[in-house]
Amino acid sequence: MILYTVYMPERPYQKLVVWQEADRLCLWTYEVTRCFPMNERYSLVQQMRRAGYSVPMCIVEGNVRRTAKDKQHFFTQALGSLEELHYQYSLAKRLKYIDEKIFSKIDEQIRRVSYLLNKLRSSFNVS
């Protein structure tokens, strides 16, 4: 059997800085939640991971939509998931699953993604 290597160009969403930063946040979320207590595996860990991957996934979906209204809808959903994730990290810190140093680093990344996402969303201003 011969396997051919097919050149896959970079997808359009991969060029978006906001997607790159959201993807980094998603990967950090998977890494950080690995050390959470086992009894959180099917509750807080699962919710954080869902919110974590929802952000870049909504950016991807919004990026391929044709109308400004559709794009804004998915970028708004990404912002909602981002805010959920921020609360979940805040809760994890108060439950002492993460320390202040990790929370600060994540909080900074969430703020960066939020800023970029709001700028992207506002560039498709729908009246």
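The values are calculated or read from the model by the stated rules, or taken from the named source; none is laboratory data. Because the structure is predicted, anything quoted here is derived from the model rather than measured. All Cβ positions, glycine included, derive from the backbone under ideal geometry; neighbour counts span all protein chains shown.
Would you be able to tell me the number of residues in segment 55-67 that are out of contact with any Ser or Thr (no Cβ under 8 Å at 6 or more places or on another chain) and either part of a helix (DSSP H, G or I) or crowded, with 17+ Cβ neighbours inside 10 Å (or both)? The total comes to 8.
Residues in segment 57-78 that are without any contact (Cβ under 8 Å) to a residue 40 or more places away in the chain and under 9 Å from the mean Cα position of the chain (by Cα): M57, C58. Candidates are the residues of segment 68-127 that are assigned to a loop (DSSP other than H, G, I, E, B) and of a type outside the set (V, I, T); the one that is surrounded by the most Cβ atoms within 10 Å (Cβ to Cβ) is Y97.
Scanning segment 5-40 for residues that are part of a loop (DSSP other than H, G, I, E, B), surrounded by 10 or more Cβ atoms within 10 Å (Cβ to Cβ) and either in contact with a strand residue (DSSP E or B) (Cβ under 9 Å, 6 or more places away or on another chain) or at pLDDT below 90 (or both) yields a count of 1.
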